[in-house]
């Protein structure tokens, strides 16, 4: 039995699936690719991965490829060969890539030539099979295995409160439920055309945009990275029907619009008005950004709420009133409840969001303790607090101060602290998120230095970028004599946040 995603693609053979604009910087392969192209190339990749075996039987295949046709064909090839796809992040330094590869137990690494040096070195040191996307693919397609939808399909790494990222395992069935829920709620059709500007190691980019588009038989136009000018030029073409992004991107698009000449602004706004839906997610959308975007585009952005473990759970309506500051109601196939220490809470009372349904992930990879801890009576505990007002959910924030949501990413303050403490000049540190209109929260670090050492933000960022993904690197630092602590000696994070708020924030490098 073919996976339903593959079967559906066969119905759209000659339709455009992926379009990568020519002149798009760093694009792997530019041009226009049909569903037939995607099916054929993914079949070749699956054949190559199998290497005469009949089935990968859930072997993990880690791959690092810039957004574009090769990325999609590789992801599909892994699935069609019976493997589990482990997408890597193009901006991660070697230690983070190596952690994901080793933690997932990947046996094969597939890499674009841009990443050959780093990944080949990792493959050699761990004795893993290494494949470059530039290598010639087999001319024939082997008999590919039957892949049941209950099999594991994807491992995405998310930061947990305990520090090191955990591998979130979703099955083909989970992904299918996440996709069909959104396709139903947001009324995707094969005539849709979406511009994809988000990272492809994150659920927002992989499921909400790419897989929803391909499930519906729509066109997915992929940029290798976000560029405000390129995005506005595409919007001005007036042929897009959907756009999804994080608040940080909308802030940058607003700035670009404000810097444009009057005639250009009219063209930009007209391009937006031709779309049927614009969505914002992965972080809270500041009301002033929502209002400014509405003035520019004519769109009241649709906000939704989800996370790697559950897909999307709540959404404002496609049709009907959307309320600023709210994330709407449960999506199709999703059950949501709010709970506190006494049980279910009544409307108007804050509680933890708990989610149940076929969209919820299978497990944390090889971490049964964390998996068990994440569930209560079959409900996934999100760690996010919300309140229901007039039937709509309003997110109040993380229950843990050690989770920072910045630019659409959820990062662990504890993981960052662990790395910062290895810096020779840092004796102690406390990492917090400080509210910021562009990023949602900025990663900020209060530092106690060794002896009479000095440390600049610029030198710390340069050092940290070798150890951490760039979005985890502090954008502000404060040098303090000592960290604020409670009677038990525990650092009081709210007091650290206040230190940053009351200090003059310097410009990040």
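We did not get these values from a lab; they are worked out from the coordinates using the rules stated. Every value quoted in this text rests on a predicted model; they were computed, and no experiment measured them. Using ideal geometry, Cβ is built from the backbone for each residue, glycine included, and neighbour counts are taken over all protein chains shown.
Among rounded, prolate and oblate, which fits the stretch 403-502 when a ≥ b ≥ c are the square roots of the eigenvalues of its C-alpha gyration tensor, a/c under 1.5 means rounded, and a/b larger than b/c means prolate?
Cα axes put the stretch 403-502 in the oblate bin.
Exposure proxy check: 393, 40 ranked by fewest other beta carbons within 10 Å?
Ascending number of Cβ neighbours within 10 Å: 40, 393.
Tell me, what is the percent relative contact order of the chain, built from C-alpha pairs under 8 Å that lie six or more residues apart?
It comes to 12 percent, rounded to a whole number.
Between residue 136 and residue 149, what length in nm is gained on full extension when 0.36 nm per residue of separation is reduced by their alpha carbon distance?
1.7 nm
Shape of the stretch 103-232 from its Cα gyration tensor (a ≥ b ≥ c, root eigenvalues): rounded if a/c is under 1.5, otherwise prolate when a/b > b/c, or oblate?
Rounded.
Taking the Cβ-Cβ separation of residue 292 and residue 263 as r and a Förster radius of 22 Å, what is the calculated FRET efficiency to the nearest 0.05?
0.65
I need the shape label for the chain. Rule: rounded when a/c is under 1.5, else prolate if a/b > b/c, else oblate, with a, b, c from the alpha carbon gyration tensor.
Since a/c stays below 1.5, the shape of the chain is classed as rounded.
Considering only DSSP beta bridges with both partners in the chain, what is the antiparallel share in %, to the nearest 5?
For the chain, the DSSP antiparallel bridge percentage is about 65.
What's the FRET efficiency of residue 470 with residue 114 using the Cβ-Cβ distance as r and R₀ = 25 Å, to the nearest 0.05?
The calculated FRET efficiency here is 0.90.
Got a sec? How would 381, 89 order by Cβ neighbour count within 10 Å, fewest to most?
Taking fewest neighbouring Cβ atoms as first place, the list is 381, 89.
Just the number, please: percent antiparallel of the DSSP beta bridges in the stretch 403-502, rounded to the nearest 5.
The answer is about 80 percent antiparallel.
Under 15 Å from a label point 7 Å along Cα→Cβ of residue 399: give me every residue in the stretch 167-183 with its amide N that close.
none
What number, rounded to the nearest 500 deg cm²/dmol, is the helix-based mean residue ellipticity at 222 nm of the chain, given -39500 (n - 2.57) per DSSP H run of at least four residues and division by all its residues?
-9000 deg cm²/dmol
Put a dot 7 Å past each Cα toward the Cβ at residue 349 and residue 36; how far apart are the dots in nm?
So the label points at residue 36 and residue 349 sit 6.2 nm apart.
Counting other beta carbons within 10 Å of each Cβ, put 405, 266, 490 in order, fewest first.
Ascending number of Cβ neighbours within 10 Å: 490, 266, 405.
Provide the packing ranking of 273-281, 474-482, 364-372, 206-214, i.e. peptides ordered by the mean count of other C-beta atoms within 10 Å per residue, highest first.
206-214, 273-281, 474-482, 364-372
For the stretch 180-215 and the stretch 332-363, what is the centre-to-centre distance using only Cα atoms, to the nearest Å?
After rounding, the separation between the Cα centres reads 25 Å.
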